[in-house]
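Worksheet for the structure shown next.
Just so it is clear, none of the values below were taken in a lab; they were calculated from the coordinates. What you see is a predicted model, and the numbers here were worked out from it, not measured in a lab. Using ideal geometry, Cβ is built from the backbone for each residue, glycine included, and neighbour counts are taken over all protein chains shown.
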Amino acid sequence: MTVKRIVLVAVTAVALSGCAASGPIATPSVPVPTPTTPSATPTTARPTATAKHTATTKPVPSRTPPAKTLAPESTEGVIAGAIGQVPAGFSLPDEQRPAADETTAFETTPWRLACVNDAGITTTALDKLTATRIKASSGPEHVEGNGLLVFADASAAQSFLDQATAGYAACPAQAPVDNGFRPSQRSQAVPSLGEQAVQVGSWWEYQSKDAWLPAPGADLTYLARKGRFVALTYEGDESVGDPTSNADLNSRAQARIQQILAQV
């Protein structure tokens, strides 16, 4: 599975991101058992070594779902991955980690502020963005990105997070159905993180008869502010259902946010 993935400066391409809130979320997949009928063509499940959150019972549709194709992202809401100068000595979580096997090293990337339906979120406070450092790493069934946004002052950073939070809250709960799949999204404030923070979760669902059931593929994003600095982290994997309720994903995300904010 390929994870697709994000100002007010020119960006020539949109790179990988872990959440629908910041671009399309991971391509959904629904496990299908190998048929026992000799004339049937066996279906081999794709490896999910990085997926650590497996449902006790997974829904199985009546047929193999088609591959989900996402429309290209627009440039609205894109933030460049490297502009200006962040504080001396600052480093993002794991940013010096080398590539290993099929996992890439952390590489500079843009990041996109957007709804689950691919509508970019406009934040006028980005006019006062003075520096960024955003890096991401990807591997089979997994993507992780971290970043620091530096604003001219605390008021501008607060305005940015206020606008981003309001933009996420105004996003639709689900995107339009496409070939039997739909991505869903929810966001909420996190009062205990930094001076203000927002958490955004996106996940896939697929249609089975008259019901919508969760499919593997979810992304979790956090934005948190301290003074004029805003920390960013996102992670996408093959977990199932709303990632805002996933204890493991949230624990890792909050640890990375705290590591970033502790340096500014």
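Taking 0.36 nm per residue of separation and subtracting the Cα-Cα distance, full extension of the segment from SER155 to GLN263 would add 36.9 nm.
Average 1/r across all pairs of distinct alpha carbons in segment 170-264, invert it, and you get the Kirkwood radius: 14.2 Å. For LYS128, a cut-off of 18 angstrom between C-alpha atoms picks up these aspartates and glutamates, skipping any fewer than 8 places away in its own chain: GLU76, ASP153, ASP162. For ASP127 and SER91, a Förster radius of 30 Å and the Cβ-Cβ distance give a FRET efficiency of 0.65, rounded to the nearest 0.05. Net length available on complete extension from THR108 to ASN179 is 22.2 nm, with 0.36 nm assigned per residue and the Cα-Cα distance removed.
In this simple spin-label model, placing a label point 7 Å from the Cα along the Cα-to-Cβ direction at both TRP212 and ALA169 gives a separation of 2.2 nm. Reported to the nearest whole Å, the Cα centre-to-centre distance from segment 239-264 to segment 154-192 is 16.
May I ask you to derive the FRET efficiency for GLN188 and ALA82 from their Cβ-Cβ distance with R0 = 30 Å, giving the value to the nearest 0.05?
0.50
Note on LYS209: aspartates and glutamates with a C-alpha under 20 Å away, same-chain residues under 8 apart excluded, are ASP178. Selection among SER245, LEU126, TRP204 by position relative to the dipole of segment 110-263 gives LEU126 as farthest towards the positive end (Cβ unit charges, Cα centre).
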